Amino acid sequence: MGEIDSKEEMLTSEDQQLISEVLSTSHQGEVTLQKALKHYQTIYMPSRNWATKTRINYRNDIADLIKFLERHDKTQPAKVSLNDLEAYLADLDRRDYKGTSRRRKTFAIKSFFGF
């Protein structure tokens, strides 16, 4: 029990506010992809105990996806369709990303939207 308390003390006030927003049902309609990424970084990634390099790569992967989606007028997670994600993966292919990078990005996307 003391371990949980010490972890909570490590959270910044901004982190605590983000957690409160995620748990609050009144903010569900206001979630943007950018805000969801912030929540993903603050709440989900630490809970997975991923290595620092993995966290950086996944954050960059999701940020790249968000840029793509925003160029196509998608700013809320609820508005993103499977077709949008397939178009992004096709875009990665056009940009000559290797299979290993596309697989990592695909896993990052699945974990992000699963969060």
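The values are calculated or read from the model by the stated rules, or taken from the named source; none is laboratory data. These figures come from a predicted structure and were not determined experimentally. Neighbour counts are summed over all protein chains in view; Cβ atoms, including those assigned to glycine, are modelled from backbone coordinates with ideal geometry.
Some points to look at:
- Residue among 43, 56, 109 that is among the β-branched types (Val, Ile, Thr), in a helix (DSSP H, G or I) and either free of Cβ contacts under 8 Å to residues at least 12 places away in the same chain or in contact with a strand residue (DSSP E or B) (Cβ under 6 Å, 6 or more places away or on another chain) (or both): 56
- Just one of (1) at pLDDT 95 or above; (2) outside any helix (DSSP H, G or I); (3) surrounded by 10 or more Cβ atoms within 10 Å (Cβ to Cβ) fails for residue 75. It is (1).
- Selected residue (only one of 49, 83 is over 20 Å from residue 106 (Cβ atoms) and not β-branched (Val, Ile, Thr)): 49
- For residue 104, the requirement of being surrounded by fewer than 13 Cβ atoms within 10 Å (Cβ to Cβ) and either closer than 21 Å to residue 50 by Cβ or among the charged types (D, E, K, R) (or both) is not met.
- Residue match in the stretch 1-18 (condition: at pLDDT below 70 and either in contact with a Pro (Cβ under 7 Å, 6 or more places away or on another chain) or within 23 Å of residue 78 (Cβ to Cβ) (or both)): yes
- Residue count for the stretch 89-101, restricted to those that are among the hydrophobic types (A, V, I, L, M, F, W, C) and either touching a residue at least 60 places away in the same chain (Cβ under 8 Å) or surrounded by 13 or more Cβ atoms within 10 Å (Cβ to Cβ) (or both): 2
- The residues of the stretch 31-72 that are of a type in the set (Lys, Arg) and surrounded by 14 or more Cβ atoms within 10 Å (Cβ to Cβ), listed by number, are 35, 38, 55, 59.
- Only one of the numbered conditions (1) surrounded by 14 or more Cβ atoms within 10 Å (Cβ to Cβ); (2) without any contact (Cβ under 8 Å) to a residue 24 or more places away in the chain is violated by residue 86, and that is (1).
- Among the residues of the stretch 78-104, the ones that are in a helix (DSSP H, G or I) and aromatic (Phe, Trp, Tyr) come to 1 in all.
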